[in-house]
Amino acid sequence: MKSAFIHLASRHTSLVIKNDGRMPEVMYWGKRLPDETDLAPLGMTLSRPIPGGRIDSDTALSLCPELATGLFTSPGLEGSRNGSCWAPSFMVVDAEITPQSVTFTCRDKIAELSLVIDITLDEESDVCQSRLRLHNDGQTEYQLQRLSQTLPVKAQARELMYFHGRWTHEFQTKRMNLEQGAFTQENRRGRTSHERFPAIVAGQTGFSETHGELYGFHLGWSGSHRIHAEVMSDGRRFVQAGELLMPGEMTIMPGESYETPVLYSCYSPDGLNGMSQRFHRYVRQNIVHFDHQAKPRPVHLNTWEGIYFDHDPDYILQMAETAADLGVERFIIDDGWFRGRNHDRAGLGDWFLDQSKYPQGLQAIVECVKQQGMEFGLWFEPEMVNPDSDLYRSHPDWVLKTEGYEQVTVRNQYVLNLQKPEVFDYLYGCMNSLLSEYDIRYIKWDMNRELVQGTHDQHAANHGHVKAFYRLIDQLRKAHPQLEIETCSGGGGRIDYQVLSRTHRFWASDCNDPIERQSIQKGASYFFPLEVTGAHIGAGHCHTTGRTHSDGFRGMTALFGHMGVELDPVKATEQEKATMKKYISLHKSLRTLLHTGEHFRCDTDHQDTQAWGVISCDKKQAVVMFTQIALAEYALAAPLIIPGLDDGLNYRVTLLENSSGDLYMKQLPLWMEEPTIVNGALLAQAGLMMPAIQPESAILIKLEAV
C-alpha cells in the first residue's frame, strides 16, 4: 500500500504525519530524524496488525479520531444536525505543506462538513501549535458539542503530571500512573481557573526535572476547557484538549465556522527542564516581546495590601516617594479609587474617579510618580458590577444571566454581558477616557469571579464572553499602544498563552506568602518564563495565610520573577526598608540574566527541599536558589546537582545570600566561606554540598565562568 508521509522538522524534533487520503495520523513524534531519512519504509515497518475479535480493518488514531472508523474512544468531533450526521467520516481533499507546517482540508460530503487541520512545528523552539476549524457546508445549522485536538504519545508515556489548586494556592502539581483507562480534567468556570490550569505532561515513569522522555501540552484559552489522556485497550496512548462548550452553546450556521483554541505541545528527551525551556523560548519569540536592553521589566509597587480601600491622596504621594527611594520603577494604585468603592460590596461598574477621595483628581499623583522616575498604573475590574452601584441600578439588564432565575453573586458581584454592544461601548468609553486624560502606562486587569448560568440571546455564553473580553483588551491596546496590561483573576485564575498574547505580565497568586510562592512559582515555571510572572515582597505577616517569614526569605523568593512590592512602604520599619532596597537592587543586578537566560529546576534528593536557577544563553553565568521548605529530613544536606552548565568551563562559585540563622550549623561547607572555582562537569555530576539550613529559608548562589 502506497502512503505519503509528511515530515515537519525543527531544531531537535521531527513530526511525521501519514497522509493517505483518510484523516491524517501522526506516525512519529520525537527526536529529529536525519534530513535524508527515507520515510517510505514506515508504511511497512509501522503497519499495524489486526487483532482477532475486532474490526476487520485497521483503525487509525488520527488527529481527529472518528467514531465512524470503529475507533471506540473519545472522538475529536461530537455534534449533529438535529440528531443526524452525528458520526462523520472525513477524507483529505487538500494538503498545503511547508518545511514547518501543514494545513489539511478534509470533507465529509454526506454530513456537509469541512474540517481544516493546521499544524506548525516552530523551528527554533520545537513547540508544535495546532488548531482545528469546522465549517458548515450545508443548508441547515449544525449543533457542535465538542471539537478537540488529539495527539498521540509513545507507549512508554505511562505517567501523567497535571495541575490543580484554588485561590491563593495555584499551580500545584500532582502525578498519577496511567496504565488503563483514561484521565479527564474539566474546567467549567468560564475562565482559565485557579483550580485546573489547562496543561498536562505525559512521560516515562519517573520522569524528573532533568531526565526522561515526555510530552507537554497547554491549551491557550481563557475559558472553560477539557483535557483528556487515554490509553486504549490496544495500548495506544493519546492526549486530547479543547474548549469545553456548554449545552447548546455552539451552533454553526450555514456557511459559518468554529475554530478551536491553539494547542501548544512539545516533545522533550531531557525531562521537564527541556520541556520548559522549549515553551519559554516559544513564548519569548512568539507571544510576548520585550526589549530588555531598551526597557528592563520595571519593579512594581502595588498599593493593595498596603492601604486596601483607604485612599488618601496625600498619603499615596508619601507612598510613591518612599517607593522611589526603595528603587521601585512602576507605581500602581489598586482597588478603591473609583466612585462608591469603600469596600468590596459596592462600586464596581462605576468607573469614574471618586471625587470625595480625590477632589483634585489624579494628576498630582501621576506627576509625582513620573517625577520620581516611575510609571503610573491603575487597577480595573471591567467585566464586573456590584448590585450596589449606579450602573446596576440603571441597567440591571446588563448582567450576564439567565432570565427568570436569580443570579448568584460571587464576591458580592455579577458579571457584565460584554456581548451586548451597549455594555462593551460603555466599558471601553470609561477606560479610554481615563487612559486619555492621565498618563497611565499600566493596567492591572482583574476578574474576581467565575461565570455562572450566563446566557446571551437565549444560549450559554461562556465562549462569547471570552471572545468579547479579547476584543475589549485588543481595542484598548490599539488605541493606547504604550499601555502594558497585567492579567489578574483573583490572582492566578486567568493565565494562559492566549491572554498572555494580549498582555505583558500575570499575577500568579493573591498569596504573597513565600512558602506558598515557592510552589506556585515553581508550578508556573513549567510553561511561563520568569519575566512575565509577577512575584512580590509582601508584608512580614502574610495577609492570606497569617504566617510570618523573614525579610530575607521573602526577598529571595520574589527575585525569581517580575519583581514587585505589595505593602505600605511608609509604615515599614527602617530595617524592612533597608531589606527591600537591598533585594530590589539585587534583582536589578540579576534582572537581565533572570529575564533572558534559561530557567532550570534541580532534582533534589531530600524531602522539603527545592532548587531552581537561571543560566545565561552563553553558559557563562548562572544564579541558583536552594530552599529548605520545612525542617530538614536529615542532619546533613545532600549535594545539589546543578544542570545545564558547560562541562568545558570552570566556574567561580560565590554565596550571594543566606536567609538562614548563623547558629543552625557549627561549620558551613567551605565553599560558603570563600569563593571557589569548580569545573562545570563536577557541579553537574558530583554537585555542590548544601548546608542544612533552617526551615523556611534559602541560600542564593552565583556562578561565573573564569
Worksheet entry | Amide N of region 56-77 lying under 15 Å from the label point, which is placed 7 angstrom from the Cα of residue 109 along Cα→Cβ | none
Fill in: Reachable lysines, given that their alpha-carbon falls under 23 Å from the alpha-carbon of residue 582 and they are not under 8 places away in the same chain
295, 370, 571, 702
Worksheet item: Hey, can you rank 97-109, 436-448, 49-61 by average C-beta count inside 10 Å, highest first?
Response: 436-448, 97-109, 49-61
Worksheet item: Going by the alpha-carbon gyration tensor, a ≥ b ≥ c the square roots of its eigenvalues, is region 4-287 rounded (a/c under 1.5) or, if a/c is not under 1.5, prolate (a/b greater than b/c) versus oblate?
Response: rounded
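May I ask you to compute the full-extension gain from residue 547 to residue 184, defined as 0.36 nm times their residue separation minus their alpha-carbon distance, rounded to one decimal in nm?
On the way: separation 363, 0.36 × 363 = 130.68 nm, distance 3.52 nm.
Here the segment from residue 547 to residue 184 would lengthen by 127.2 nm.
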Discussion item. I'd like the distance separating the alpha-carbon centroids of region 642-706 and region 527-604, in whole Å.
Written reply: 21 Å
Item to complete: Please give the contour-minus-distance gain from residue 679 to residue 58: 0.36 nm per residue of separation, less the Cα-Cα distance, rounded to one decimal in nm.
Response: 218.1 nm
Worksheet item: With each pseudo-label sitting 7 Å past Cα toward Cβ, what's the residue 145-residue 686 distance in nm, one decimal?
Response: 6.3 nm
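So what is the calculated 222 nm ellipticity per residue for the chain, using -39500 (n - 2.57) for each DSSP H run with n of 4 or more, over all residues, to the nearest 500 deg cm²/dmol?
For the chain, the value works out to -6000 deg cm²/dmol.
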Worksheet entry | Isotropically averaged projected area of the chain, using the convex hull of Cα atoms (one quarter of hull area), nm² | 32.9 nm²
Response to the item:
Rounded to the nearest Å, the spacing of the alpha-carbon centers of region 158-206 and region 324-351 is 34 Å
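Can you pick out the pairs among 522/577; 154/467; 401/444 whose Cα atoms lie more than 31 Å from each other? Present the calculation step by step, with values, prior to reporting the outcome.
Values: 522/577 27 Å; 154/467 35 Å; 401/444 26 Å.
As for pairs spanning more than 31 Å Cα to Cα, those are 154/467.
Cα-based Rg of region 71-156 per 2.2 N^0.38 Å, rounded to two decimals? Mind dumping the intermediate values first?
Working: Rg = 14.7 Å, N = 86, 2.2 N^0.38 = 12.0 Å.
Against the compact-globule rule of thumb, the ratio is 1.23.
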Fill in: Alpha-carbon centroids, region 487-515 and region 215-264: separation in whole Å
23 Å
Item to complete: Compute the signed sum of charges (Lys and Arg +1, Asp and Glu -1) over the other residues within less than 11 Å, Cβ to Cβ, of residue 60.
Response: 0
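Given Cβ point charges of +1 (Lys, Arg) and -1 (Asp, Glu) and nothing else, what value in debye, to the nearest 20, does the dipole of the chain about its Cα centre take?
On the way: 67 positive and 90 negative charges, 158 e Å.
Around 760 debye, computed over the chain.
Could you compute the FRET efficiency for residue 649 and residue 581, with r as their C-beta to C-beta distance and R0 at 30 Å, rounded to 0.05?
Efficiency, from the Cβ-Cβ distance: 0.35.
Quick note: the coordinates plus some simple rules give every number you see, no bench work behind them. Since the model is a prediction, treat every value here as computed from it, not as a measurement. So basically every Cβ, Gly included, is an ideal-geometry build from the backbone, and we count neighbours across all protein chains shown.
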